[in-house]
1. Can you tell me the relative contact order of the chain? Whole percent, Cα pairs under 8 Å, sequence separation 6 or more.
2. For the chain, take the longest principal axis of its alpha carbons; what is the angle in degrees between that and the long axis of helix 5-24, to the nearest 10 within 0 to 90?
3. For the range 96-168 and the range 208-224, write down the distance between their C-alpha centroids in whole Å.
4. What residue among 137, 202, 53 shows peak mean-square fluctuation when the chain is described by a Gaussian network model with Cα springs under 10 Å?
5. Taking only the alpha-carbon positions of the chain and ignoring solvent, what does the Debye formula give for the base-10 log of I(q)/I(0) at q = 0.13, 0.16 Å⁻¹?
6. Using all alpha carbons of the range 94-196, what is the percent of pairwise distances in each 10 Å bin, ordered from the shortest bin to the longest?
7. For a paramagnetic label modelled at 7 Å from the Cα of residue 218 toward its Cβ, which residues of the range 135-155 fall within the zone defined by backbone nitrogen distances under 11 Å?
8. When the Kirkwood radius is taken over all Cα pairs of the range 173-233, what Stokes-Einstein diffusion coefficient follows at 10 °C and 1.306 mPa s, in µm²/s?
């Protein structure tokens, strides 16, 4: 059988695409709040530590002095800063900018004041998981939350991964089925994939535009492994 000149090329591309998807998982699945699964394209990538551990903070756009559902929540990459800075990560949407997006230098929230959790009268906030299997161990099926007043899911908490149709970046409401459920301590730390490979004079990776932040949940640390969570897109 003879193929038209471009037909054979298109067929080859289709076969290669299907093979890559089958072997490594779909790139489209690598979104904010998704968990790393076996054979995902990023499994096994090297991760880099942050120079200083990032903190969770919010831009107080609602009732002043109170954390509420109107506030925009961020991973404050440089904990020395008290303002929204370039490449901070939004954990909740801001206008048309989705949860998981990096702050750009021309975005309207850059430079806005940040209130840090656990300071003064502001409650503490931790990344914790809902133990859906009841085995007291964190696994792929367990949803993750930014749990304000850790220990029990509260209205206003932020889903970091999806739960029963509620997407990552959504907030818990009073009537939601996960409100009031107990949470468990989540092992791990924040690290990042240095996508452009740039380093500083001391030889350490530089976090900047396009780098992906992960919740690194298990040993070996500083390697993307199954159950790790993608915190940016």
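1. Over the chain, the number comes to 22 percent.
2. Rounded to the nearest ten degrees, it is 40.
3. Centre-to-centre distance over Cα atoms comes out at 17 Å.
4. Sorting by GNM fluctuation, first place goes to 202.
5. Rounded to two decimals, the profile gives -0.80, -1.15.
6. 13, 39, 35, 12, 1
7. 137-141
8. Once the numbers are plugged in, D ends up at 115 µm²/s.
All of the numbers you see were taken from the coordinates with simple rules; none came from a lab. Just so it is clear, the model here is predicted, and its values are computed rather than measured. Every residue, glycine as well, gets a Cβ built from its backbone with ideal geometry; the counts of neighbours run over all protein chains shown.
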